[in-house]
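The values are calculated or read from the model by the stated rules, or taken from the named source; none is laboratory data. Remember, it's a predicted structure, so these values are computed and weren't measured experimentally. Every residue, glycine as well, gets a Cβ built from its backbone with ideal geometry; the counts of neighbours run over all protein chains shown.
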Ligand code: 5GP
């Protein structure tokens, strides 16, 4: 596969970060069981790799959300397309996200999940965009702080494409296919 645009985070760097995040989570939840909640679709690769780097027993669940807005900007109005399959009351929950941009999506999700009274609720995100969070979100487990460019790869798409890139790259206009 040809490399696209400027690679921001390489495959090796992602693997290192995910291993580190998995070790942090394993230490913090020692002796406990964990429910990982992956946010579809973007977090599917982070979820798969992070789960395998965690040593404590984990269960999986997924939510799918869409935020209204144009292709590259979040509006903050979030619609739940798929809710959790299971109850989370008294469970230790870690939300797994691909990227935090404005923070609006996670703010909404935190509010939505908190009322279900989990024993604990934390966030793991591979990428956090620096400087543009409209709502400060406490991302306890984070891979990389990145500049506020639009990125694709490792789960992140543009118009449904590029999720399968094994690295994270800035999307240049010249990379866009004719769609
Ligand atoms: P937020 O609500 O924090 O602004 O945005 C969260 C969601 O917007 C992410 O889960 C992701 O789906 C999408 N998003 C934000 N920034 C980017 C980006 O740079 N690239 C891609 N592909 N999606 C992004």
Practice problem: With the checklist (1) assigned to a helix (DSSP H, G or I); (2) away from the ligand (no atom under 13 Å from the Cβ) in hand, flag the one item residue 109 doesn't pass. | Solution: (2)
Practice problem: Say whether the condition of being within 12 Å of the ligand (Cβ to nearest atom) and surrounded by 22 or more Cβ atoms within 10 Å (Cβ to Cβ) is met by at least one residue in segment 132-146. | Solution: no
Practice problem: Find all pairs meeting these conditions: Cβ atoms under 9 angstrom apart; at least six residues apart or on different chains; first residue within segment 38-67 and closer than 17 Å to residue 127 by Cα and without any contact (Cβ under 8 Å) to a residue 60 or more places away in the chain; second residue in a helix (DSSP H, G or I) and within 12 Å of the ligand (Cβ to nearest atom). | Solution: 38/44; 38/46
Quiz item: Do we have any residue at all in segment 83-92 that's part of a strand (DSSP E or B) and either more than 13 Å from the ligand (Cβ to nearest atom) or modelled with pLDDT of 95 or more (or both)?
Solution: yes
